[in-house]
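Novice: Sharing a structure below in structure tokens format, with a few things to ask.
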Amino acid sequence: MLFSKINLSTFTSIKRHLQLLGLSAVFLAAPSAMATIVQFQTVMGDFQVNLYDKATPKTVENFLAYVKAGAYNNSIIHRSVPGFIVQGGGYKYDNKFPLVEIAQNAAVVNEPVYANKRGTIAMAKLSSGPSTATNQWFFNLADNSSNLDAQNGGFTVFGEVMGNGMAIVDAMAALNIFNMGANTAFTETPLRNYTTTDANNNVAITDKNLVLILGVVVLDANVDSAANLTPAKTTYTPSTNGGSSSGGSGGGGSIDFIGLLLLVGLGALGFRRK
């Protein structure tokens, strides 16, 4: 009843100040697993992502567990494939090199409800089965539904970039890409302010060159915030891709050679150890 006496402009002002203080998750998200809008705070600008809580609840809960733990603070975009995806969530800069792997929680059940269209965020996973996603995710730069929806049970889309946020994601994808060393996870890493000449001259890579995700924070806990969105449904069926949305490696379907390379790139590459 106390809040009934606070007018809308006052509440908006309070909310804004709490967000500036980094307290929005505490004030607005109760429980945090119900949050539907998060903000990616990056060195290239901030953008918001609306999560599909009701359609992909397990995936959203899994993602927000990492957010709540601060696992994505100072993480990096470690893989970029122009015209396809940019991928993160697996590695972070801990004030020194080498980069460190983000600890993985248990794998989450696959929830292939929506299509991998441009502007969506989806879970990366292993090629060994549909329900193998843990901490890594990727943004679709194009309509990838024709190959990703039809592989390994489908790649779970669990949210979409809001407003002009894809301009920032596209800027990440436009960066020069480099092979950062022995770890196969870093063979397609985008770097800022770093050139081929720098690479040829063995100029040391610093944190100033990394595409850093400074943090991911909860902005809005309204579980119906995606109610008016109309994401495209996947055309996935077990008979079309030989997989099962409930787990297992699947069988009986065929995957073309190019599609298999894309699948391995999104799954196994991101999870290989040093």
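Novice: Using amide H atoms built in the peptide plane, which far-off residues or other-chain residues are under 5 Å from Asn176 H to H?
Specialist: Leu191
Novice: Which cross-chain or sequence-distant (5 or more) residues have an amide H under 5 Å from the amide H of Ile37, H modelled 1.01 Å from N in plane?
Specialist: Distant-sequence amide H within range of Ile37: Leu51, Leu219, Asp220, Asn222.
Novice: What figure in square angstrom, to the nearest 10, would you give for the accessible area of Ser75 with a 1.4 Å probe?
Specialist: Taking all protein chains as shown, Ser75 has close to 0 Å².
Novice: Right, next: How would Phe97, Phe178 rank on accessible area, largest to smallest, probe 1.4 Å?
Specialist: Ranked from most to least accessible, the order is Phe97, Phe178.
Novice: Roughly how much of Glu61 is accessible, in Å² to the nearest 10, using a 1.4 Å probe?
Specialist: Result for Glu61: roughly 90 Å² accessible.
Novice: Give Lys96/Lys208; Lys54/Lys233; Lys58/Lys125; Lys54/Lys92; Lys68/Lys233 a once-over and call out the pairs whose C-alpha atoms are over 20 Å from each other.
Specialist: Lys54/Lys92; Lys68/Lys233
The values are calculated or read from the model by the stated rules, or taken from the named source; none is laboratory data. Quantities reported herein were computed from a predicted structural model and do not represent experimental measurements. The protein model used for the area step is the full one, side chains on, heavy atoms only, and it has no ligands, DNA or RNA in it. Shrake-Rupley method; radii C 1.70, N 1.55, O 1.52, S 1.80 Å.
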